[in-house]
Amino acid sequence: MNKQFSMGETLLDPSLRLRPASWSDLNAVAKLTHDVAQQEGDASFVLTAEELANEWSNEGFLVERDVFIVETRDGRVVGSDEFYNENGHWKLKADGCVHPEFRGLGIGTSLLEKMDERAQVEMELAEPNTRVVIQSMINTRNEAGDPLLHAMGYSPIRYYWRMEINLQEDPSAVTFPAGLELRPFIKDEHAVAVWQADNETFRDHWGSHEFTYENWSQKFDNPNFDPTLWMVAWDGDQVAGFSQNRVRKGIGWIGTLGVRRSWRKMGLGLALLQHSFGEFYKRGTRTIGLGVDAENPTGATRLYVKAGMHAASEFVTYEKELRPGRELEER
């Protein structure tokens, strides 16, 4: 098949067109992402069109600048990539995919080159003399992704699991550590305390960073936010631990589960997890999932296995250094 140069040295099949996206492409990008993930065996984490619209509406994100698509002559979207400033203009992200039926046609390379061009502009806003990287995550079942990312200068740096449990019966009653109690989450009264506890809990986790309240509270705008599924354990007026849960696509999600350092090794994490299972079960939700760093420093993976969960899918984050320099701490 004849090929042609589309940009730089990248050969893109002449039957395909690379262009900036627009809001009218939202549903097509959401469908492509879902279809690709489903073929790779796990579409549970993929954003719905409504959730993707929420992401594209974030301050500082411009669809026409930060999203690129590749389409066929008849207008079918067969590749897409989204650019995100993850932290301080020095930690950047490319989130893309190519439909399996159209791989090997230069789509992935063309899209990643667009991400590189976008990153070169963004990193000028980073602090001087700091290291700048761009990351991209793929399912380990995506056999084409590894050689593509390596060819573009990326290297694998971290693995993640999506863990799952299918409840066959109502979990037994949960006993919380002495002195701790669950209270209904009231956003206007408790949000700031949970935000502060969230930041403190994950300071020692790889790749995590502290959120401003403005950024953290965006989760309340998520269409799946349900305050009755937020489990917060209190020790007097102190938040000891929390499990920020939600239901999406018929699956119960343990969105963020954390225990502050002073209350660890008391069984609180397991109690929060099992109590969350019970709440989902009462609502008729039998499949529960979560995402976790496979090298989590607090032993979370062991906790989840102990609770009966198993690794359903594995993902790997690749990183490319765009500029060497001083390492910044996550914030």
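The values are calculated or read from the model by the stated rules, or taken from the named source; none is laboratory data. Because the structure is a prediction, the values reported are computed rather than measured. Ideal geometry is used to build each Cβ from the backbone, glycine not excepted, and the neighbour counts take in all protein chains shown. Ligands, DNA and RNA are stripped out before the accessible areas are found, and what is left, the full protein with its side chains, is counted by its heavy atoms. Shrake-Rupley method; radii C 1.70, N 1.55, O 1.52, S 1.80 Å.
What tally of residues in segment 117-165 results from selecting those that are open to solvent by 20 Å² or more (accessible area, probe 1.4 Å) and part of a helix (DSSP H, G or I)?
Result for segment 117-165: 11.
Test of understanding: among Thr285, Thr256, which residue is open to solvent by 30 Å² or more (accessible area, probe 1.4 Å), β-branched (Val, Ile, Thr) and touching a residue at least 12 places away in the same chain (Cβ under 8 Å)?
Of Thr285, Thr256, the one residue that is open to solvent by 30 Å² or more (accessible area, probe 1.4 Å), β-branched (Val, Ile, Thr) and touching a residue at least 12 places away in the same chain (Cβ under 8 Å) is Thr256.
Criterion first (within 19 Å of Trp195 (Cβ to Cβ) and among the small types (Gly, Ala, Ser)) does Ala233 satisfy it?
In short, yes.
If I filter segment 94-110 down to residues being assigned to a helix (DSSP H, G or I) and under 22 Å from Gly41 (Cβ atoms), which single residue comes out as most open to solvent (accessible area, probe 1.4 Å)?
Glu101
Which pairs do you get when a residue that is closer than 22 Å to Glu101 by Cα and without any contact (Cβ under 8 Å) to a residue 40 or more places away in the chain, found in segment 33-60, comes within reach of a residue that is in a loop (DSSP other than H, G, I, E, B) and of a type in the set (Val, Ile, Thr), reach meaning Cβ atoms under 8 angstrom, with the pair 6+ apart or on two chains?
Between residues of segment 33-60 that are closer than 22 Å to Glu101 by Cα and without any contact (Cβ under 8 Å) to a residue 40 or more places away in the chain and residues that are in a loop (DSSP other than H, G, I, E, B) and of a type in the set (Val, Ile, Thr), the close pairs are His34/Val46.
Identify all residues within segment 174-197 that are in contact (Cβ under 8 Å) with a residue 24 or more places away in the chain and either part of a loop (DSSP other than H, G, I, E, B) or in contact with a Cys (Cβ under 6 Å, 6 or more places away or on another chain) (or both); write none if there are none.
Across segment 174-197, the qualifying residues are Val174, Thr175, Phe176, Pro177, Gly179, Leu180, Pro184, Phe185, Ile186.
Is it fair to say Glu71 is modelled with pLDDT of 95 or more and either surrounded by 14 or more Cβ atoms within 10 Å (Cβ to Cβ) or not in a loop (DSSP other than H, G, I, E, B) (or both)?
Yes.
Identify all residues within segment 54-68 that are of a type outside the set (Asp, Glu), over 21 Å from Ile107 (Cα atoms) and open to solvent by less than 70 Å² (accessible area, probe 1.4 Å); write none if there are none.
Answer for segment 54-68, where residues must be of a type outside the set (Asp, Glu), over 21 Å from Ile107 (Cα atoms) and open to solvent by less than 70 Å² (accessible area, probe 1.4 Å): Asn54, Trp56, Asn58, Gly60, Phe61.
Taking interchain pairs and intrachain pairs at least six residues apart, which have beta carbon atoms under 6 angstrom, with the first residue in segment 131-148 and over 30 Å from Gly325 (Cβ atoms) and the second surrounded by fewer than 21 Cβ atoms within 10 Å (Cβ to Cβ)?
Asn139/Glu40; Asn139/Phe315; Thr140/Glu314; Thr140/Val316; Arg141/Glu40; Arg141/Gly41; Asn142/Glu40; Ala144/Arg103
With (1) surrounded by fewer than 19 Cβ atoms within 10 Å (Cβ to Cβ); (2) closer than 24 Å to Pro171 by Cα; (3) within 22 Å of the chain's Cα centre (by Cα); (4) of a type outside the set (Ser, Thr, Tyr) as the list, and Glu321 as the residue in question, which single condition is left unmet?
Checking Glu321 against (1) surrounded by fewer than 19 Cβ atoms within 10 Å (Cβ to Cβ); (2) closer than 24 Å to Pro171 by Cα; (3) within 22 Å of the chain's Cα centre (by Cα); (4) of a type outside the set (Ser, Thr, Tyr), the one that fails is (2).
Please work out if Ser80 is in contact (Cβ under 8 Å) with a residue 40 or more places away in the chain and surrounded by 19 or more Cβ atoms within 10 Å (Cβ to Cβ).
Yes, satisfied.
Regarding Thr285, is this residue part of a loop (DSSP other than H, G, I, E, B) and either more than 30 Å from Gln38 (Cα to Cα) or at pLDDT 95 or above (or both)?
yes
For the structure I just gave you, tell me whether Phe277 is at negative phi, open to solvent by less than 50 Å² (accessible area, probe 1.4 Å), more than 21 Å from the chain's Cα centre (by Cα) and at pLDDT 95 or above.
The answer is yes for Phe277.
Can you confirm whether segment 250-266 contains a residue that is modelled with pLDDT under 95, within 23 Å of Asp170 (Cα to Cα) and either part of a helix (DSSP H, G or I) or of a type in the set (Gly, Ala, Ser) (or both)?
There is at least one residue in segment 250-266 that is modelled with pLDDT under 95, within 23 Å of Asp170 (Cα to Cα) and either part of a helix (DSSP H, G or I) or of a type in the set (Gly, Ala, Ser) (or both).
Out of all the residues in segment 231-252, is one or more free of Cβ contacts under 8 Å to residues at least 60 places away in the same chain, open to solvent by 20 Å² or more (accessible area, probe 1.4 Å) and among the small types (Gly, Ala, Ser)?
So far as segment 231-252 goes, yes, one or more of its residues are free of Cβ contacts under 8 Å to residues at least 60 places away in the same chain, open to solvent by 20 Å² or more (accessible area, probe 1.4 Å) and among the small types (Gly, Ala, Ser).
All but one of (1) farther than 29 Å from Gly255 by Cα; (2) within 22 Å of the chain's Cα centre (by Cα) hold for Tyr84; state the number of the condition that does not hold.
So the condition that Tyr84 fails would be (1).
Condition first: open to solvent by 50 Å² or more (accessible area, probe 1.4 Å), in contact with a helix residue (DSSP H, G or I) (Cβ under 8 Å, 6 or more places away or on another chain) and assigned to a helix (DSSP H, G or I). Now tell me which residues in segment 32-53 satisfy that.
Residue satisfying the conditions is Gln39 alone.
Residues Ala271, Ala311: which one is outside any helix (DSSP H, G or I) and either hydrophobic (A, V, I, L, M, F, W, C) or over 30 Å from Asp116 (Cβ atoms) (or both)?
Ala311
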